[in-house]
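The values are calculated or read from the model by the stated rules, or taken from the named source; none is laboratory data. The model shown is predicted, which means the values in this text are computed figures rather than measured ones. Don't worry about glycine lacking a Cβ; one is built from the backbone with ideal geometry, like all the others, and counts go over all protein chains shown. To get the accessible areas, we keep the full protein, side chains included, count just its heavy atoms, and leave off ligands, DNA and RNA. Shrake-Rupley method; radii C 1.70, N 1.55, O 1.52, S 1.80 Å.
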Amino acid sequence: MKTPDSSSPYFQPELETLSVEGLRALQSERLQQTVRRCAQVPFYRDKFAELGIRPEDIKSVDDVTKLPFTTKDDLRDHYPFGFASVPLRDCVRLHSSSGTTGNPTVVLHTQSDLDAWAEAVARCLWMVGARPDDVFQNSAGYGMFTAGLGFQYGAERVGMLTVPAAAGNTLRQIKFIRDFGTSVLHAIPSYASRIFEVMNEQGVDPRRDTKLRVLCIGAEPHSEEQRRRIEENLGVKAYNSYGISEMMGPGVAFECQEQNGLHIWEDYFIVEIVDPVTLERVPDGQLGELVLTTLRREAMPLLRYRTRDLTRILPGDCPCGRHHVRLARLQGRSDDMIILKGVNIFPIQIEKILLQFKEIGTDYLITLETREGEGDIMSVDVEVNNVFTDDYATLKRLEHEITRQLRDEILVTPRVRLVPKGTLPVSDEKKAVRVRDLRKLF
Amino acid sequence: MTIRQVSIFIENQSGTLQKVLELIKRSRIQIIASTLADTADYGIYRIICNEPERACLELKEAGVAVTISHVFAVELDNRPGGAADVVARFSEAGVGISYMYAFVIEGRGILIFRTDQTEEAEKVIASNGLHALSESELPMQY
Ligand SMILES: [Zn+2]
């Protein structure tokens with residue numbers, strides 16, 4: 001495949017601008033291939049038998065809901081090669097991510113898998129304006145960490161001069177940026193801020209002394225304000241990247257130049273958003289867990305992989321001309337979900353409401369406890385800041401208003417407590433403790 | 001004529017009151033009058049002091065939730081029922097009082113109260129020949 005002309009806004013125009021109907025047809029075709037491949041994997045063969053599914057029953061993308069889910073634990077339980085659908089001699093690369101508990105997970109790639117991965121990353125980079133004339137510097141860790149090699153191959157696929165700077169040694173990163181004329185940089189957001197700080201200390205003005213133009217950021221949650229600050233400081237446009245090592249790594253989803261949601265490549269994945277408890281699909285636009293089915297993987301196809309990442313699908317068309325759906329910024333992990341009186345509650349929902357009140361800070365503490373006669377209840381402690389009104393009636397009204405808005409959002413009535421600034425507990429890493437579960441389990 | 005009052009949000013169990021008093025002591029701010037009212041979970045500690053802006057800044061810097069509000073300080077007749085008569089004038093005129101407290105300086109009783117109807121309160125004060133203290137009339141040191 002040849003590189004398109006630099007004036008083209010798309011790296012692969014036909015695939016990127018494919019109509020929704022076109023995407024569904026392509027997905028249906030590829031899902032059938034994927035299911036046939038999965039039938040070579042003992043884990044899926046057993047599941048198919050259990051569910052009474054024959055590969056030939058899966059005909060269209062809508063049939064995906066008949067298929068079994070796959071979890072990270074499943075991958076761990078079949079460490080190291082249990083999910084391979086091809087002989088190991090056909091595989092050319094292995095990536096592994098260590099877990100805090102149990103076995104690590106292993107992801108295998110054939111040459112064709114690596115090519116598809118590089119193409120996906122190249123599409124993303126091209127989408128945010130990277131071109132063969134650019135110099136790309138990757139300050140992600142290499143080795144097993146997929147953002148190193150993932151961006152490396154993608155950037156080379158675009159045709160950029162690519163600098164595998166790897167993580168750390170900020171002075172050297174800055175020297176490379178200046179000496180090599182780096183115009184596109186990949187870094188995690190906190191490291192991008194660090195680079196700027198050190199530039200400042202060294203008297204380097206990024207606008208005057210560097211050619212930096214585009215920054216790709218990911219791997220670490222960050223707010224829109226943080227992004228805007230990084231853009232302002234470094235004089236760049238910063239784009240969010242979403243990767244997941246079990247899928248391949250970077251290249252799964254990426255923001256386009258609209259900076260409004262991350263396009264997820266639907267010719268690579270079937271995208272579902274499900275309720276983390278019932279595993280039923282939620283309506284478009286609603287928050288839930290991202291579930292992905294791979295469509296282009298040979299060595300290790302995965303069906304309905306539960307990413308544990310919470311997001312929602314943004315409705316409507318994107319002005320950039322790509323019909324691949326857009327995911328909202330990742331909004332935490334489904335492991336953070338609270339179930340209270342049978343209702344699913346995500347801390348992010350509470351955060352969103354609290355942000356609207358100028359009288360209170362952004363820190364909060366959710367406490368779940370069991371009360372005699374009342375069952376499980378939830379209280380939300382919020383910090384009063386310096387714009388509180390000096391009278392109890394107003395403070396009471398504030399409490400009531402927060403309670404009312406929270407109830408409308410999460411559908412249970414929490415007990416809201418106003419507390420003074422600086423009194424909410426912090427964990428050892430100085431990170432705010434958000435949820436305390438003191439419920440009695442029967 | 002109103003004076004500035006420093007209002008501090010404190011929680012009953014958390015030791016904020018102790019912290020606040022320590023801070024005020026260390027910054028050598030003089031408290032002229034104060035009151036602490038509490039509800040089940042939290043309280044507002046209200047202070048009339050000699051340097052309200054500085055007090056507010058220092059407390060803010062120490063991470064305390066604090067705000068400045070404007071209150072009336074009306075002099076009372078030194079006789080039984082003095083406060084009742086003053087309050088009656090305001091309620092007759094339909095001026096709502098959100099809270100009040102009293103203290104004595106140099107033998108004079110002073111009633112501090114807060115209302116959202118500042119203009120109406122000014123009228124009541126003028127038409128009844130009451131005296132609302134300005135900050136310059138507060139005792140600066142002992
Ligand atoms: Zn777009």
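Can you show me the helix-derived [θ] at 222 nm for chain B, built from DSSP H runs with n ≥ 4 at -39,500 (n - 2.57) apiece and divided by the number of residues, rounded to the nearest 500.
Numbers: 4 runs with 42 residues, N = 142.
Counting only the DSSP helices, I get -9000 deg cm²/dmol.
Please compute, over every Cα-Cα pair in segment A:349-438, the percentage with a separation greater than 16 angstrom. Kindly include the intermediate steps, with their values, before the conclusion.
On the way: 2182 of 4005 pairs.
Tail of the P(r) past 16 Å holds 54 percent of the pairs.
Can you list the residues, at least 5 places off or on another chain, whose amide H is less than 5 Å from the amide H of A:Ile360, using H built in the peptide plane?
Sorted by chain and number, the residues that satisfy this are A:Asn385.
Using θ = phi - 60° and the Karplus relation 6.51 cos²θ - 1.76 cosθ + 1.60, list the HN-Hα couplings for segment B:80-86 in order, rounded to whole Hz, with x at every Gly or Pro.
With coefficients 6.51, -1.76 and 1.60, one gets x, x, x, 5, 4, 5, 5 Hz.
Check B:Tyr99: other-chain or 5+ apart residues with amide H under 5 Å from its amide H, H built from backbone geometry?
Long-range HN contacts for B:Tyr99: B:Arg114.
Less than 13 Å Cβ to Cβ from B:Arg108, Lys/Arg counted +1 and Asp/Glu -1: what total charge do the surrounding residues give? Before the final figure, lay out each step's value.
Details: positive: B:Arg79; negative: B:Glu75, B:Asp77, B:Glu106, B:Glu137.
Net charge around B:Arg108: -3.
What is segment B:3-68 by shape, rounded, prolate or oblate, if you read a ≥ b ≥ c off the alpha carbon gyration tensor as root eigenvalues and call it rounded for a/c under 1.5, prolate for a/b larger than b/c, and oblate otherwise?
Numbers: a/c = 1.75, a/b = 1.39, b/c = 1.26.
Taking the square roots of the gyration eigenvalues as a ≥ b ≥ c, segment B:3-68 is prolate.
To the nearest 0.05, what FRET efficiency results for B:Arg79 and A:Glu372 with a Förster distance of 51 Å applied to their C-beta separation?
Numbers: r = 53 Å, r/R0 = 1.05.
So the FRET efficiency works out to roughly 0.45.
Summarise the partner chain shielding of A:374-386 as one whole number: the mean count of Cβ atoms from other chains within 10 Å of each residue's Cβ. Don't skip to the end; give the middle numbers.
On the way: counts 0, 0, 0, 0, 0, 0, 0, 2, 0, 3, 8, 5, 9.
Whole-number average of other-chain Cβ neighbours for A:374-386 is 2.
For a Förster distance of 56 Å, can you work out the FRET efficiency between the beta-carbons of A:Val387 and A:Asp179, rounded to the nearest 0.05? Could you put the intermediate results ahead of the total?
On the way: r = 49 Å, r/R0 = 0.88.
Here the calculated transfer efficiency is 0.70.
Among A:His263, A:His323, what's the order by accessible area (1.4 angstrom probe), most exposed first? Please list the in-between numbers first.
Details: A:His263 0, A:His323 70 Å².
Ranked list, largest accessible area first: A:His323, A:His263.
Build a GNM of chain A with springs between Cα atoms under 10 Å: which of A:Lys72, A:Lys352, A:Lys47 gets the top mean-square fluctuation?
A:Lys352
Share of antiparallel DSSP beta bridges in the protein assembly as shown, in percent to the nearest 5?
DSSP beta bridges in the protein assembly as shown are roughly 75 percent antiparallel.
Quick one: of the DSSP bridges fully inside segment A:1-334, what percent are antiparallel, nearest 5? Intermediate values should be presented prior to the final figure.
Details: 28 of 43 bridges.
Roughly 65 percent of the DSSP beta bridges within segment A:1-334 come out antiparallel.
Just order A:416-424, A:28-36 by mean Cβ neighbour count inside 10 Å, highest at the front, would you? Please list the in-between numbers first.
Numbers: A:416-424: 20.7, A:28-36: 19.1.
Result, highest mean first: A:416-424, A:28-36.
Pull up all non-local amide H partners of A:Gly249: gap of 5 or more, or a different chain, and H-to-H distance under 5 Å with H placed in the peptide plane.
Placed amide hydrogens put A:Ile244 under 5 Å from A:Gly249.
Karplus couplings for segment A:159-176 from phi (6.51 cos²θ - 1.76 cosθ + 1.60, θ = phi - 60°), rounded to Hz, Gly and Pro as x?
Result, rounded to whole Hz: x, 7, 6, 10, 10, x, 5, 6, 7, x, 6, 4, 4, 5, 4, 5, 4, 4.
Please give the net charge around A:Thr170, taking every other residue with its beta carbon less than 14 angstrom from that of A:Thr170, where Lys and Arg add +1 and Asp and Glu add -1. Before the final figure, lay out each step's value.
Values: positive: A:Arg172, A:Lys175, A:Arg178, A:Arg194; negative: A:Glu197, A:Glu201.
Surrounding charge for A:Thr170 is +2.
Per DSSP H run of n ≥ 4, the term is -39500 (n - 2.57); total these for chain A, divide by its residue number, and report the mean residue ellipticity at 222 nm rounded to 500 deg cm²/dmol. Walk me through the intermediate numbers first.
Working: 12 runs with 135 residues, N = 442.
Calculated at 222 nm, the ellipticity per residue is -9500 deg cm²/dmol.
Counting partner chain Cβ atoms within 10 Å of every residue's Cβ in A:262-270, what's the average? Please report the intermediate quantities before stating the final value.
Working: counts 0, 0, 0, 0, 0, 0, 0, 0, 0.
Averaged over the peptide's residues, the number is 0.
Please give the average number of partner chain Cβ atoms lying within 10 Å of the Cβ of each residue in B:58-71, rounded to a whole number.
4
Across segment A:1-141, what fraction of all alpha-carbon pairs, as a whole percent, falls in each successive 10 Å bin from zero upward?
Answer for segment A:1-141: a P(r) of 10, 27, 33, 24, 6, 0 percent.
What ranking, highest mean first, results for peptides A:371-382, A:153-164, A:282-293 when packing means the other Cβ atoms within 10 Å averaged over each residue? Present the calculation step by step, with values, prior to reporting the outcome.
Numbers: A:371-382: 14.2, A:153-164: 20.5, A:282-293: 19.0.
Highest mean packing first, the order is A:153-164, A:282-293, A:371-382.
Taking only the C-alpha atoms, wrap a convex hull around chain B and report its volume per residue in Å³ as a whole number. Walk me through the numbers before you get to the answer.
Numbers: hull volume 16.8 nm³, N = 142.
Once divided by residue count, the hull of chain B is 118 Å³.
When the Cα centres of segment A:148-218 and segment A:84-127 are compared, how far apart do they sit, in Å?
Between the Cα centre of segment A:148-218 and that of segment A:84-127, the gap is 25 Å.
Determine the shape class of chain A: with a ≥ b ≥ c the square roots of the Cα gyration tensor eigenvalues, call it rounded for a/c under 1.5, and otherwise prolate if a/b is greater than b/c, oblate otherwise.
Working: a/c = 1.89, a/b = 1.18, b/c = 1.60.
Cα axes put chain A in the oblate bin.
Got a sec to turn the phi values of segment A:49-61 into Karplus ³J(HN,Hα) couplings, 6.51 cos²θ - 1.76 cosθ + 1.60 with θ = phi - 60°, whole Hz, x for Gly and Pro?
Couplings: 5, 4, 8, x, 9, 9, x, 6, 6, 8, 10, 10, 4 Hz.
Please sort A:308-318, B:98-108 by packing, taking for each peptide the average over its residues of neighbouring beta carbons within 10 angstrom, highest first.
On the way: A:308-318: 16.9, B:98-108: 14.0.
Order by mean packing, descending: A:308-318, B:98-108.
So for segment B:70-137, what percent of the C-alpha to C-alpha distances run longer than 19 Å? Please list the in-between numbers first.
On the way: 531 of 2278 pairs.
Of the Cα pairs, 23 percent sit more than 19 Å apart.
Take the alpha carbon gyration tensor of segment A:265-313, find the square roots of its eigenvalues, order them as a ≥ b ≥ c, and report rounded if a/c is under 1.5; if not, report prolate when a/b exceeds b/c, else oblate.
Working: a/c = 2.72, a/b = 1.81, b/c = 1.50.
Prolate is the answer for segment A:265-313, as a/c is 1.5 or above and a/b outweighs b/c.
Sort out for me the Cα centre separation of segment B:83-136 from segment A:329-361, rounded to whole Å.
45 Å
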